[in-house]
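Enquirer: Take a look at the following structure, please.
The values are calculated or read from the model by the stated rules, or taken from the named source; none is laboratory data. As the structure is a computational prediction, the values presented were derived from the model and not from experiment. Methodologically, a virtual Cβ is constructed for each residue, glycine included, from the backbone with ideal geometry; neighbour enumeration extends over all protein chains shown. Note: accessible area is taken over every heavy atom of the protein model, side chains too, but ligands, DNA and RNA are not part of it. Shrake-Rupley method; radii C 1.70, N 1.55, O 1.52, S 1.80 Å.
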Amino acid sequence: MGEKLIENKVLKLRACFILIALMAVVPAHGQTLSDDPIVRWLHISGHRAIWGGELKALMVTRASPWYDFLPWIHARRHDPLTLASDLKKLRVYYRDLGYLAVSVHSTIEQLGPDEIGLGVHITEGPLTRISRASVIGGEDIENAFGQLEGKPLSSDLVNKSVSEAVSGLRNKGYAFVRAEVDTTIVAQQAELVLKLAPGPVCSVGVVQISGHKAMAENTILRGLTFKPGDQFSEEALQNSQYLLYRAGVFRSVALGLADSIAHGNRVDVALRVSERPFRTLRVGTGYDTDEDLWASGAWTHRNFGGDFRQFKLSGRVSGKNREAVIGLRQAHFRGSRNWLNVGGFVQRERQAAFVQEEVGGNISIERNLTSATDVIAQFSGGVVDFSADSAFAEMKAGLLMDTRDDIFDPQSGMLAQLTLRERGRFLRADSEFLQATAEGRWFRRIPLRSVLALRVQGGVIFELGKAGGVPNVERFFAGGLNSVRGWGLNELGPKDQQGEPTGGLSRVEMSMEIRTQIFFSLGTAVFVDVGNVDAKADAFNLGSLKYAVGAGLRYLSPVGPVRFDVGYRLSDDITVKKRIQYHISLGQAF
């Protein structure tokens, strides 16, 4: 009896081992081995009007990477349905550009038992152009729509022109304008007729506000650039949405026509908001090669005392600088486009040639001209090194235009700013000067998942005082992780007999950088930096410019790019020993 029990147990164990072996060999449900071959290469031919990399970016089908032998890399396999969808996508893309007779087909080359190569062959055909573009209905629209004549029959161009025509009428009060385009094509020549039905001129009725909890309706209405009874304007709605969001109180702001039917020539406007937490505390720490270790913190109340009033207390400490700032910001001050700022500061700045402590305050008015353009006027005052006889006062005026798509890592758009700053005249100090600075940045996406970034900036200081000159702390310096990267911090420019930087009265800098995302969160950059600082006003002499080149790595973290740059100094400088500079920081150079 005992032997039989032992035999039964042995049989059960054998059955378990066999089952485990089968489970190890047979893939689980949903993970069956694919019969589709691996795509070793993907070639596109026949294209002339469009770059091949742009076409490949439209496709889901990809060639398998050469390193797909790694266990965590999945090989790219051929999916006939996906390829058919990609070919259709390419046809639609070409036709949207005006190549109505385009032909796209694929071929397969067998490379091995489980490997193929894919070829995509394109016959573009002739380009269809717009021979005539006319408008029926509307006013002052035909000239703008007529500019399409002679251009390719591109859906993007046509849709953009129609959108501009419709927006133009909506900005004139035609809230319910309708548009339709009739297209006639004969022998690669297209005739377009834009039919517009403007409808009545409308005025704003009731503004229906929803989603708010702590904010009062009257306070929210102050942020609008229109009021009930005004002529309807789509642009006014867009500007109001931007200004309300910019106040910092709302997580989201949506403005549009209400669902209710218009009452005569009056249309109701629906405004829906979502409030942010009013109180926030942020702390951070990091390291960069200019400031060494640093730590910062900020406490913000976005609706201090109500009425869109923002209170902020912040501080920053590093190996070289210390700063504490207190500020009060009033949004929609005597108008939806105005901001009033009042603040105070205490700071200590340490450089190779000087150490300066400063305490003071400022008051400024910002005026929003458009959603991308601001002007600012500011008055500041304080004392240096806590000495009563070193009191200063200054006036500053500036113009800022910013169309970047992201502040920390822009991919497109531009930034331009001009600033004039006068110091010393108000208190008749010995050290009087006028400083003028200008800067332009330009960003554009280019092929290979890259961004071209350009920067040009310069400045000049005019001495107005008779005796004091311009203090070192107010002079221009160059070199460092956000400047000409072939030099260390403030190393580019005039120096004293001990080789310490003394700054100059003029500066110019130019940079070109190509930023490329390789994979996941890793990117690279190559750059050329040019600049100069001069003790007088000769920095803009092209013959005196200094050059540097370099490359770097970018880790695209959730809080911004972490970068490591290596700059190589091309120009000679007997006051600087190192030809190569290493820079580590958070955020792009510009």
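Enquirer: Would you confirm whether or not region 534-545 contains a residue that is open to solvent by less than 60 Å² (accessible area, probe 1.4 Å), of a type in the set (A, V, I, L, M, F, W, C) and not in a loop (DSSP other than H, G, I, E, B)?
Expert: no
Here is a yes/no grid of residues against (1) of a type outside the set (Val, Ile, Thr); (2) buried (at least 17 other Cβ atoms within 10 Å of the Cβ):
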residue	(1), (2)
208	yes, no
227	yes, no
232	yes, yes
241	yes, yes
244	yes, yes
250	yes, yes
253	no, yes
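Enquirer: Out of (1) under 21 Å from the mean Cα position of the chain (by Cα); (2) of a type in the set (Gly, Ala, Ser); (3) open to solvent by less than 30 Å² (accessible area, probe 1.4 Å), the odd one out for residue 412 is which?
Expert: Of everything listed in (1) under 21 Å from the mean Cα position of the chain (by Cα); (2) of a type in the set (Gly, Ala, Ser); (3) open to solvent by less than 30 Å² (accessible area, probe 1.4 Å), residue 412 misses just condition (3).
Enquirer: List pairs: first in region 286-297 and on the phi > 0 side of the Ramachandran plot, second exposed (fewer than 15 other Cβ atoms within 10 Å of the Cβ) and at pLDDT below 90, Cβ under 9 Å, 6+ apart or cross-chain?
Expert: Matching pairs, first to second residue: 292/319.
Enquirer: State which residue is surrounded by the fewest Cβ atoms within 10 Å (Cβ to Cβ) when the search covers only region 468-486 and only residues that are in contact with a strand residue (DSSP E or B) (Cβ under 6 Å, 6 or more places away or on another chain) and not in a loop (DSSP other than H, G, I, E, B).
Expert: It comes out as 473.
Enquirer: Further question: Consider only pairs whose beta carbons are under 6 Å apart and that are at least six residues apart or on different chains; among these, list those whose first residue lies in region 41-66 and is more than 18 Å from residue 112 (Cβ to Cβ) and whose second residue is open to solvent by 50 Å² or more (accessible area, probe 1.4 Å) and polar (S, T, N, Q).
Expert: 46/123
Enquirer: Please identify the pairs in which a residue from region 510-521 that is under 12 Å from residue 554 (Cβ atoms) and at pLDDT 90 or above has its Cβ atom under 6 Å from the Cβ atom of a residue that is surrounded by fewer than 16 Cβ atoms within 10 Å (Cβ to Cβ) and basic (Lys, Arg), counting only partners at least 6 apart or on another chain.
Expert: 517/449
Enquirer: Search region 115-133 for residues being open to solvent by 20 Å² or more (accessible area, probe 1.4 Å) and in a strand (DSSP E or B), and hand back the single one that is farthest from residue 161 (Cα to Cα).
Expert: Taking the candidates together, the pick is 115.
Enquirer: When only residues in region 372-382 that are part of a strand (DSSP E or B) and open to solvent by less than 40 Å² (accessible area, probe 1.4 Å) count, which is farthest from residue 350 (Cα to Cα)? Full working, then the answer.
Expert: Initially, region 372-382 is screened for residues part of a strand (DSSP E or B), giving 373-382.
After this cut, where a residue has to be open to solvent by less than 40 Å² (accessible area, probe 1.4 Å) as well, the list is 373-374, 378, 380-382.
On the way: 373: 34, 374: 32, 378: 25, 380: 21, 381: 21, 382: 18 Å.
The extreme case among them is 373.
Enquirer: Related question: Only one residue in 201, 177 is under 37 Å from the mean Cα position of the chain (by Cα) and hydrophobic (A, V, I, L, M, F, W, C), so which one is that?
Expert: Numbers: 201 fails: under 37 Å from the mean Cα position of the chain (by Cα).
Going through 201, 177 in turn, just one is under 37 Å from the mean Cα position of the chain (by Cα) and hydrophobic (A, V, I, L, M, F, W, C): 177.
Enquirer: Taking residue 213 and the conditions (1) over 15 Å from residue 336 (Cβ atoms); (2) in contact (Cβ under 8 Å) with a residue 24 or more places away in the chain; (3) in a strand (DSSP E or B), which numbered condition does it fall short on, given that it satisfies the others?
Expert: Residue 213 satisfies all of (1) over 15 Å from residue 336 (Cβ atoms); (2) in contact (Cβ under 8 Å) with a residue 24 or more places away in the chain; (3) in a strand (DSSP E or B) except (3).
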